Every structure is written in structure tokens, then in C-alpha cells.
Amino acid sequence: MNYKQITIGIVSFKSEKVIFNCLKSIKKIKKIIILDNSNDVRLKTLIKKKYPSIKFLLSKKNLGYGSGNNLIIKKAKTPYVFILSPDVILAKNCEKNLLNVVRNLKTNFSILSPMSKKNNHDFNIASNYKKSTFEVEFVKGFAMLLNKKKIIKVGLFDENIFLYLEEIDLCRRVKQANHKIFITKEAKVTHLGAKSSNIGDEFEKCRNWHWMWSQFYFNKKVSNYFLAILKFLPKIFFLALKVIFFYIVFDKYKSINSKMRLLGLLNSVVGNSSWYRPKII
């Protein structure tokens with residue numbers, strides 16, 4: 001096992017402000033594939049000028065996180081794919097330490113995630129384990145080393161989901177197949193969080209819409225439609241009340257975000273696809 005057997009995959013969307021810091025932190029792994037969902041030719045030119053060996057793919061339409069990463073996984077010719085969000089920065093020796101953990105695990109894992117310095121979920125879980133590398137039920141999607149052969153067996157990311165819970169759904173299927181998921185304290189990253197795109201309010205609308213769409217879709221997938229309806233019916237009424245209340249008190253920002261959440265949830269309930277996309281400005 002060596003660095004040549006790992007491809008780094010990054011799905012970007014209007015990520016110019018953060019992606020260069022991400023790339024700068026990558027020291028050892030040379031095979032990198034970037035898929036840009038905003039079809040940003042200028043960003044491609046800037047990155048290729050500084051990092052000519054990077055394979056930069058332009059998407060003609062916004063594929064989202066899951067579909068974009070699926071394309072990268074299929075394009076990668078290595079047995080391992082290290083998925084990174086563009087707003088992730090690798091800590092010193094992250095790649096070296098991650099490689100050592102993989103060597104110790106051999107092929108006995110499907111997903112391995114480094115520890116996030118700013119993720120309370122990681123640290124809360126880690127406090128329960130004395131071992132530096134420990135098995136978990138799920139990991140967050142901003143930094144995931146995938147064992148390609150095993151992931152293909154359980155199925156790639158669900159392409160019905162545009163944004164949110166794709167990694168949770170994948171982890172659920174991995175565990176159902178009795179495969180293993182690990183977090184390691186040996187390798188660390190910093191995830192800036194909600195910084196992967198820089199289109200402001202438009203992306204915030206998109207995030208709110210898809211947060212509720214994906215929640216209902218995931219619950220429907222895990223249980224069934226009627227149980228999901230029973231769970232989310234109170235949320236529909238609550239969100240409708242929030243839209244009206246914030247409109248009355250002239251809080252336009254909160255009213256719009258509540259409206260987007262309500263619309264995303266209603267679209268998911270009636271079986272519409274995750275069609276909403278942010279307008280590229």
C-alpha cells in the first residue's frame with residue numbers, strides 16, 4: 001500500500017475562496033480529480049496553471065454531492081478514493097498517518113475517516129474509545145477514504161439525493177452489508193463547515209430546501225412512507241406557522257428560509273425529485 005493507490009476526489013461549486021487552501025494542504029497524494037458543478041472554466045484555468053497534474057472535470061449541470069462523487073469514484077483508477085470537501089484542510093502528516101492506518105487495517109474496511117478538529121461529533125465519539133482507530137456506525141462526508149471495491153459492492157451514493165444525508169445513507173448500507181467503518185485519531189483535518197460555496201443567500205435557500213427534502217426522503221427510505229408522514233406532519237404545520245410569523249414581524253430572511261424548508265419538505269412528501277438548484281450568479 002502506497003500513495004499511488006489513493007486518488008483524492010473533490011466536488012466543488014463556486015469554491016474558489018477555499019479550494020486552494022485545501023489543495024495546498026495535500027502534500028503526498030498526487031492523483032487528484034476535481035469535479036466542478038458550476039462549470040467554472042476560470043477556476044479550472046487557475047487550478048491547472050498552479051497544479052497541472054490535477055484532472056479537472058467540468059459538469060454541464062449541477063450534479064450535487066453524491067452524483068459528483070460517484071463520477072469521481074468511477075473515473076479513479078486506484079483501489080482507494082479519498083473524498084474531500086473543498087473547505088477541508090489536511091493537518092500535518094495527515095496523509096502519512098492515514099496511510100499507516102490503512103496498512104494496519106489492510107482491506108478490512110469500507111470507509112475510513114480522519115478526525116475533524118472542529119467536529120464535536122467526532123470528539124464526543126472519540127472520548128469513548130481508548131484505541132486510536134475505532135469502529136463507528138457512520139462518519140460525516142467531508143473527509144472519507146473509501147475502499148472502492150467494497151463500496152461498489154454495496155452501491156455508490158444515492159443519486160436521488162442532491163444535498164444532505166448522502167453519506168449517512170451510504171454508511172447505513174455499508175453496515176447492513178456487515179462492512180466496517182472507522183474513524184482514526186492518527187490523522188486529522190480541519191473542516192471549515194458551510195464554506196464550500198460562496199454564493200451567499202442563494203446557496204442558503206438551496207441548503208434549507210434540500211435539508212428538509214432529504215430528511216423526509218431518508219426517513220421514507222429507512223422506514224416507510226406512512227411512518228415518515230406521521231413523523232413529519234407536525235413539522236409541516238410548524239414550518240407554515242414560522243413562515244407566517246416571520247412575515248408578520250418583517251423578518252424577511254427567516255421567513256424565506258422557513259418557506260424554503262417547507263417547500264422542500266412538501267416536494268419530498270408528494271414524491272417530487274430533489275430538483276431545486278441554486279441560481280449561478
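What follows is calculated from the coordinates using simple rules that are stated; it is not laboratory data. What you see is a predicted model; the values in this text were computed from it and never measured. Every residue, glycine among them, receives a Cβ derived from its backbone with ideal geometry; neighbour counts consider all protein chains shown.
A few notes on this one:
- Principal-axis tilt of helix 41-50 within the chain, Cα atoms, nearest 10 degrees: 20
- Entry for region 3-191 at q = 0.11, 0.14, 0.19 Å⁻¹: log10 I(q)/I(0) = -0.44, -0.73, -1.40, Debye formula applied to identical alpha-carbon scatterers, no solvent contribution.
- Unsatisfied cross-links (Cα-Cα over 25 Å) in the set Lys60/Lys175; Lys60/Lys254; Lys74/Lys175: Lys60/Lys175; Lys60/Lys254
- Exposure proxy order (Cβ contacts within 10 Å, fewest to most) of Arg172, Arg42: Arg42, Arg172
- Under 19 Å from a label point set 7 Å out along the Cα-to-Cβ vector of Glu137, the amide N atoms of region 145-186 belong to 165-184.
- Linear extension gain, Asn272 paired with Lys130, 0.36 nm per residue minus alpha-carbon span: 46.6 nm
- Computed from point charges on the beta carbon alone (+1 for Lys and Arg, -1 for Asp and Glu), the dipole magnitude for the chain about its Cα centre is near 1040 Debye.
- Take every DSSP beta bridge whose two residues both sit in the chain; close to 40 percent of them are antiparallel.
- Measuring nothing but how far apart in sequence close Cα pairs (under 8 Å, 6+ apart) lie, relative to its length, region 3-191 scores a relative contact order of 27 percent.
- Calculated [222 nm] ellipticity per residue, helices only, for the chain: -15000 deg cm²/dmol; basis is -39500 (n - 2.57) per DSSP H run with n ≥ 4, divided by all residues, nearest 500.
- Label-to-label distance, nm, for residues given as Glu159 and Asp201 (7 Å Cα→Cβ offset): 3.5
- You can think of it this way: the chain between Lys24 and Ile229 has 69.2 nm of extra reach, that is 0.36 nm per residue less the Cα-Cα gap.
- Candidates Gly271, Gly68, Gly193, ranked by Gaussian network fluctuation over the chain, Cα under 10 Å, top entry: Gly271
- Most fluctuating residue given options Thr190, Thr78, Thr45, as computed from a GNM of the chain linking Cα atoms under 10 Å: Thr45
- Calculated FRET efficiency, Leu57 to Asn2, Cβ-Cβ distance, R0 = 30 Å: about 0.75 to the nearest 0.05.
- Summarising the strand pairing of region 22-155, around 65 percent of its internal DSSP beta bridges are antiparallel.
- Label-to-label distance for Arg42 and Thr107 is 4.6 nm, based on points extended 7 Å past Cα in the beta-carbon direction.
- Cross-link check: pairs Lys231/Lys252; Lys44/Lys242; Lys61/Lys220; Lys117/Lys231; Lys150/Lys259 evaluated at a Cα-Cα cut-off of 31 Å; pairs beyond the cut-off: Lys44/Lys242; Lys117/Lys231; Lys150/Lys259.
- Rounded to the nearest 20 debye, the dipole size of region 151-273 about its Cα centre is 360 debye, using +1 on the Cβ of Lys and Arg and -1 on the Cβ of Asp and Glu.
- Mean-square fluctuations from a GNM of the chain, with a 10 angstrom spring cutoff on Cα atoms, peak among Leu163, Leu227, Leu192 at Leu227.
- Candidate aspartates and glutamates - alpha carbon under 13 Å from Lys30, same-chain residues fewer than 8 apart omitted: Glu95
- Cα-Cα separations in region 201-269 greater than 14 Å, expressed as whole percent: 57
- GluC sites (Glu not before Pro) restricted to DSSP loop in region 129-193 with at most 12 other C-beta within 10 Å: Glu137
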